[in-house]
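The values are calculated or read from the model by the stated rules, or taken from the named source; none is laboratory data. Bear in mind that the values here come from a model prediction, so they are computed numbers and not experimental data. Positions of Cβ are generated from backbone atoms using ideal geometry, with glycine treated the same way; all protein chains shown enter the neighbour counts. Ligands, DNA and RNA are excluded from the accessible area calculation, which covers all protein heavy atoms including side chains. Shrake-Rupley method; radii C 1.70, N 1.55, O 1.52, S 1.80 Å.
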Amino acid sequence: MALHPYDLYDVRSLLSEEERAVQDTVARFTDERVIPIIGDAFDAGRFPKELVPEIAELGLLGSSLPEKYGCAGLNGVSYGLICQELERGDSGIRSFVSVQSSLCMYPIYAYGSEEQRMRWLPDMAAGKVIGCFGLTEPHGGSDPANMKTRAVRDGGDWVINGSKMWITNGNLADIAIVWAQTDEGIQGFVLEKGMPGFTAQEIKHKMSLRASVTSALFFDNVRVPDSSRLPNVKGLKGPLGCLTQARYGITWGPIGAAIACLDEALNYSKERILFDRPVAATQSAQIKLAEMARRITLAQLLVLQLGRLKDAGTMQPQQVSLAKWNNCRMAIDIARECRDLLGGAGITTEHAAIRHALNLESVITYEGTETVHQLVIGRELTGINAF
Ligand code: TGC
Ligand code: FAD
């Protein structure tokens, strides 16, 4: 029996019926609604906001949070599959869902009061309120402990000053989860669009994640009531805990991008006749394609086990780091190799490989650069902090 070229180890057979249904639903959405428009959206530097109501309708926003808050209550493996299928379309679409779900809804759920949860989560699940997450600052994103943005208590209020850089959804967002240094350590605040002193400026000239909004945020004496503070966490573990959730999704996402590229390169190389035979009939092309399939298979097995650990409640951040590093590196190498197999045709966005390759330049950088994740594993092995 022929093996499935993008699932050589039949990893899908290890999924539950519900997980398979989630994957099929999101795959259909990507095929029918994302892939037909995404090349043009990328060219135009436009986030396809018109997809948000459908994404919400499918239950993809905050999908792992409880139904009580209008969410789907799915498990971690299902969230991973959602990320994988969305990123098969484009990393920007997966980014939108990652930020809304893991970086905005998760902290409100995990660190917020019940009042804050009821106020924000149902509308966020419905896509009526869009969020962004402000941790990175212009002077150095890898070292968020060195945060300059500061919130100072003033009676019953807080006054926030500072700035954030490279913020996904920044200009799109109705609310921002902003992390600021306080006298009691780093704390999170929910800022609302239009608050006096709070502005966002879209970052232009991006060559990567062009179908996603990226912004700088500025806080000039932004005054918020104490009820806007997330009361249940203090310290760097607050934002890092959100990153673990988002990074987990990102371990799955690039598998989708890699499969999209392999699919394109496989089809192209079977049809492209050079020297009287298809490119796919040459040994060097076959070795390249086989190498891609090998790396995709390893990545699929890695994330499934990671997801099972997550659902068992035993997943460790270091395990997420290893998978984020491995799978981003796998996908960017495959996207670049596929671009090469397409020859000159590979340089235009008529084909997907270059768009995925360019997007993956962001994906391998955000949520902890490759070096950061390597150093996390190095520290785990040696017990020595090399940051
Ligand atoms: P350290 O000072 O040792 O630890 C501080 C506290 O945090 C805890 N902790 C974690 N908790 C949950 N998840 C994690 N991954 C955690 N890592 C550490 C830790 O136990 C400690 O707790 P406590 O109770 O003792 O206070 O911090 P560290 O030395 O581990 O951190 C250093 C380093 C470099 C790993 C960290 O700063 C880091 O990860 N830097 C990278 C920053 C980053 O990834 N930024 C991402 C910004 S958001 C983004 O990119 C969104 S893109 C979204 C999209 O569009 O998809
Ligand atoms: P730097 O931290 O300045 O790193 C520069 C270089 O130094 C890198 O190669 C890095 O690997 C290397 N380096 C760092 N530490 C060490 C070390 N100890 N030893 C050796 N080398 C080291 N942030 C948010 O908060 N919210 C968002 O929504 C968000 N969305 C993003 C969207 C996009 C498209 C991009 C590109 C970024 C986004 N980010 C976001 C920011 C992202 O998390 C940061 O870009 C990332 O953490 C790296 O920070 P930096 O860009 O300041 O690079």
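The alpha carbons of the stretch 72-154 occupy a box of 42, 33, 22 Å along the principal axes, longest dimension given first. The distance from the alpha carbon centre of the stretch 329-387 to that of the stretch 230-308 is 10 Å, rounded to a whole number.
Mind checking the angle between helix 353-363 and the chain's longest principal axis? C-alpha axes, 0 to 90 degrees, to the nearest 10. The angle comes out near 30 degrees. Any chance you could look up the accessible area of VAL159 with a 1.4 Å probe, heavy atoms only, rounded to 10 Å²? Approximately 20 Å² of VAL159 is accessible to the 1.4 Å probe.
Taking the inverse of the average 1/r across all pairs of different Cα atoms in the stretch 132-181, what Kirkwood radius in Å do you get?
11.6 Å
Placing pseudo-labels 7 Å out from each Cα toward the beta carbon at VAL159 and ASP10 gives an inter-label distance of 6.7 nm.
With a Förster radius of 51 Å applied to the C-beta separation of LYS193 and ILE287, the computed FRET efficiency comes to 0.45. The listed residues LYS288, LYS206, LYS68 rank as LYS68, LYS288, LYS206 when sorted by accessible area, largest first, using a 1.4 Å probe. For VAL22, the accessible surface of its heavy atoms amounts to roughly 20 Å² (probe 1.4 Å, protein chains only, rounded to the nearest 10).
Averaged over its residues, the chain has an accessible area of 43 Å² per residue, based on protein heavy atoms and a 1.4 Å probe. Highest average first, the peptides 5-11, 70-76 ordered by how many other beta carbon atoms sit within 10 Å of their residues are 70-76, 5-11.
Between ALA290, ALA357, ALA299, the Gaussian network model of the chain with springs among Cα atoms under 10 angstrom shows the greatest mean-square fluctuation at ALA290. The alpha-carbon positions of the chain define a convex hull whose volume is 141 Å³ per residue.
Taking all protein chains together and a probe of 1.4 Å, list SER16, SER101 from the most accessible to the least accessible.
Values: SER16 50, SER101 10 Å².
From most accessible down to least: SER16, SER101.
Estimated at the nearest 10 Å², the accessible area of PHE42 is 10 Å² with a 1.4 Å probe. Which residues in the stretch 187-222 place their backbone N less than 20 Å from a point set 7 Å from the Cα of GLU54 along the Cα-to-Cβ direction? Under 20 Å, as judged by backbone N against the label point of GLU54, lie 210-213 of the stretch 187-222. Taking the chain, the Cys residues with no second Cys beta-carbon under 4.7 angstrom are CYS71, CYS83, CYS104, CYS132, CYS242, CYS328.
Taking springs between alpha-carbon atoms closer than 10 angstrom, which of ILE287, ILE177, ILE347 fluctuates most in the Gaussian network model of the chain? Of ILE287, ILE177, ILE347, the most mobile in the Gaussian network model is ILE287. Given a 10 angstrom Cα cut-off, can you work out which residue in ILE377, ILE250, ILE93 is the most mobile in a GNM of the chain? Result: ILE377 has the largest fluctuation of those listed. Across GLU18, GLU271, GLU192, the residue with the most accessible area heads the list, and the full order at a 1.4 Å probe is GLU271, GLU18, GLU192. The distance between label points at GLU17 and ARG294 comes to 3.9 nm (points 7 Å beyond Cα on the Cα→Cβ vector). Here the relative contact order of the chain, from alpha carbon pairs under 8 Å that lie six or more residues apart, stands at 18 percent. Assuming charge only on the beta carbon of Lys and Arg (+1) and of Asp and Glu (-1), the dipole of the chain about its Cα centre is about 620 debye to the nearest 20. With all protein chains in place and a 1.4 Å probe, the accessible surface of the chain carries 53 percent carbon and sulfur.
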